[in-house]
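The values are calculated or read from the model by the stated rules, or taken from the named source; none is laboratory data. Everything numeric in this text was worked out from a predicted model, so none of it was measured. Here the Cβ is made from the backbone with ideal geometry for all residues, glycine too, and neighbour counts use every protein chain on show.
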Amino acid sequence: MTSSNLQPDEPVNPQTDIFLRACYRQPVPYTPIWMMRQAGRYLPEYRALRSQYDFLTMLRTPELATEVTIQPVDIVGVDAAILFCDILVIPEAMGMELRFIEKQGPVFTDPLRSEHDIDQLKPVAPQEDLPYVMEAIRQIRAQLAGRVPLIGFAGSPWTLAAYMIEGQGSSHFRTLRRMLYAEPALLEKLLDKLTIAIAKFLQAQVEAGAQAIQIFDSWGGLLTREAYQYYSLPTIQRIIARLHRTANVPVILFSRGRGADLDLQMDSGADVLSVDWTIPIGKARQQVKEQVAIQGNLDPAALYAPPEILQEEAKSVLSGYGDGPGHIFNLGHGIFPDVPVEHVQALVEYVHNDRKNSHAN
Ligand code: 1CP
């Protein structure tokens, strides 16, 4: 554990720990904001580096990962940094070959198709298999020097299984969903292996210096409520329980498309539930009954709007949450690569200046 890990009832440095305070539903002077995919292509500084190095090289080079992780802190003034990495490094560490195709995205050369393929997957030893991630975390913490906290992350077992079975992003994930109904035992075997690997990976991130963890269950919304409850939620619960046993950091769960199941998500053990824009944030707050913090939920497309409209949209998220602690402002999903940086900066400034709905008390 690092010295800056915050305990739920510990006083914090108000300049640097606003985000962590909000995770624990403590009063804050203004609503903290960060944005999913904030380290990315909408920043000219990111594009400049990306024109020199391919995506996977950037991930695997701690100096480059450090630089792009800190860019949005310097350039747009967010209240937390998120490690520049990718959820797909875990399947790669388990032995799958990952390639990045320009203009298309990450692709696995040989997607999992049989029990034999699943049996071949190796257990993950984070320090040996992913040393560049831990080194990046150490360098980022040193370079941030306490300015804002650093969030580590991983994909949920279900979301990683989706990419490993399908081979790449997909609109229907038909191969994955066929396995769910036609060969559920295979899927369960894979989810079990992933649960162990992800739990170890996240624990190693915290040991290296990550001060909060987000679990990206980006494809959680593909499942029925019952299937979510049976296949996905228990794996997330196991990961969070392990983290809470061994590390004092808040855990954020982002199950995209599952706003109707916040009651189930509360059983995950997460300190913060991140919601997409399809649920009014006030309703999300009501459903979690002051037990956990809520992160969200501006529609990422609102960043295309002219500043006056963008402000109105941001205001409706802030006032939708209402007074009182426990809100972290974020987008409902990742930032689009072609939104104007000035709009992103204006959003951060607006949220910081909105003391009326500061959720301070
Ligand atoms: O420069 C480029 O072209 C690369 C684009 C890019 C970036 C900047 C990818 C490819 N990954 C990332 C970084 C990344 N990925 C971060 C960094 C920290 C941040 O700024 O937030 C994080 C947290 C992720 C997580 C991630 N990777 C998720 C979960 C979040 C989400 O958006 O739902 C997923 C699904 C991935 C897979 C992935 N990596 C990259 C792409 C284009 C995709 C999606 C593939 C697809 O579904 O088609």
- line: For region 34-57, pairs from a residue that is under 19 Å from Ile151 (Cα atoms) to a residue that is of a type in the set (S, T, N, Q) and near the ligand (Cβ under 9 Å from one of its atoms), with Cβ under 7 Å and 6 or more apart or across chains, are Ala39/Thr69
- prompt: Does Pro32 satisfy the condition of being at pLDDT below 90 and either under 24 Å from Val89 (Cα atoms) or of a type outside the set (A, V, I, L, M) (or both)?
  reply: no
message: Give all pairs with beta carbons closer than 7 Å in which a residue from region 214-228 that is surrounded by fewer than 16 Cβ atoms within 10 Å (Cβ to Cβ) meets a residue that is in a helix (DSSP H, G or I); count only pairs at least 6 apart in sequence or on separate chains.
response: Arg225/Asp261
message: Of the residues Gly269, Gly221, Gly257, only one is within 16 Å of the ligand (Cβ to nearest atom), in a loop (DSSP other than H, G, I, E, B) and more than 14 Å from the chain's Cα centre (by Cα); which?
response: Gly257
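Rundown of residues vs (1) in a helix (DSSP H, G or I); (2) over 20 Å from the mean Cα position of the chain (by Cα), yes/no style:
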| position | (1), (2) |
| --- | --- |
| Trp277 | no, no |
| Lys283 | yes, yes |
| Ile294 | no, no |
| Leu318 | yes, yes |
| Pro325 | no, yes |
| Phe329 | no, no |
| Asp338 | no, yes |
| Ala346 | yes, yes |
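From Leu98, Leu130, Leu112, Leu121, grab the single residue that is within 21 Å of Pro157 (Cβ to Cβ) and within 11 Å of the ligand (Cβ to nearest atom).
After ruling out the rest, the residue left standing is Leu98.
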Matching residues in region 279-329 - criterion: being without any contact (Cβ under 8 Å) to a residue 40 or more places away in the chain and under 17 Å from Gln265 (Cβ atoms): Ile279, Lys283, Ala284, Gln286, Gln287, Val288, Lys289, Gln291, Ile294, Gly296, Asn297
field: Which numbered condition Ile33 fails, given (1) more than 12 Å from the ligand (Cβ to nearest atom); (2) of a type in the set (A, V, I, L, M, F, W, C); (3) more than 19 Å from the chain's Cα centre (by Cα)
entry: (3)
field: Scan of region 58-80 for residues that are within 11 Å of the ligand (Cβ to nearest atom) and not hydrophobic (A, V, I, L, M, F, W, C), ordered by number
entry: Thr69, Gln71, Pro72
message: Within region 280-289, does at least one residue satisfy the condition of being in contact with a Phe, Trp or Tyr (Cβ under 9 Å, 6 or more places away or on another chain) and over 27 Å from Ser232 (Cβ atoms)?
response: no
- line: Within region 1-23, the count of residues that are modelled with pLDDT of 55 or more and either buried (at least 20 other Cβ atoms within 10 Å of the Cβ) or in contact with a strand residue (DSSP E or B) (Cβ under 7 Å, 6 or more places away or on another chain) (or both) comes to 7
- prompt: Got a sec? Which of Gly259, Gly282 is more than 14 Å from Ser156 (Cβ to Cβ), in contact with a Ser or Thr (Cβ under 8 Å, 6 or more places away or on another chain) and of a type outside the set (Ser, Thr, Tyr)?
  reply: Gly259
message: Just the residues that are in contact (Cβ under 8 Å) with a residue 40 or more places away in the chain and polar (S, T, N, Q), please, taken from region 263-278.
response: Ser274, Thr278
- prompt: In this structure, does Gly105 turn out to be exposed (fewer than 15 other Cβ atoms within 10 Å of the Cβ), under 20 Å from the mean Cα position of the chain (by Cα), under 26 Å from Gln38 (Cα atoms) and in contact (Cβ under 8 Å) with a residue 24 or more places away in the chain?
  reply: yes
- prompt: In region 280-297, is there at least one residue being in contact with a helix residue (DSSP H, G or I) (Cβ under 7 Å, 6 or more places away or on another chain), among the charged types (D, E, K, R) and more than 30 Å from Asp117 (Cβ to Cβ)?
  reply: yes
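Results for (1) within 15 Å of the ligand (Cβ to nearest atom); (2) within 26 Å of Ala270 (Cα to Cα), shown as yes or no for each residue.
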residue	(1), (2)
His172	yes, no
Thr175	yes, no
Ala182	no, no
Asp192	no, yes
Thr195	no, yes
Phe201	yes, yes
Ala210	yes, yes
Ile213	yes, yes
Phe216	yes, yes
field: In region 24-52, residue surrounded by the fewest Cβ atoms within 10 Å (Cβ to Cβ) [restricted to those that are touching a strand residue (DSSP E or B) at 6+ places or on another chain (Cβ under 7 Å) and more than 14 Å from Gly324 (Cα to Cα)]
entry: Met36
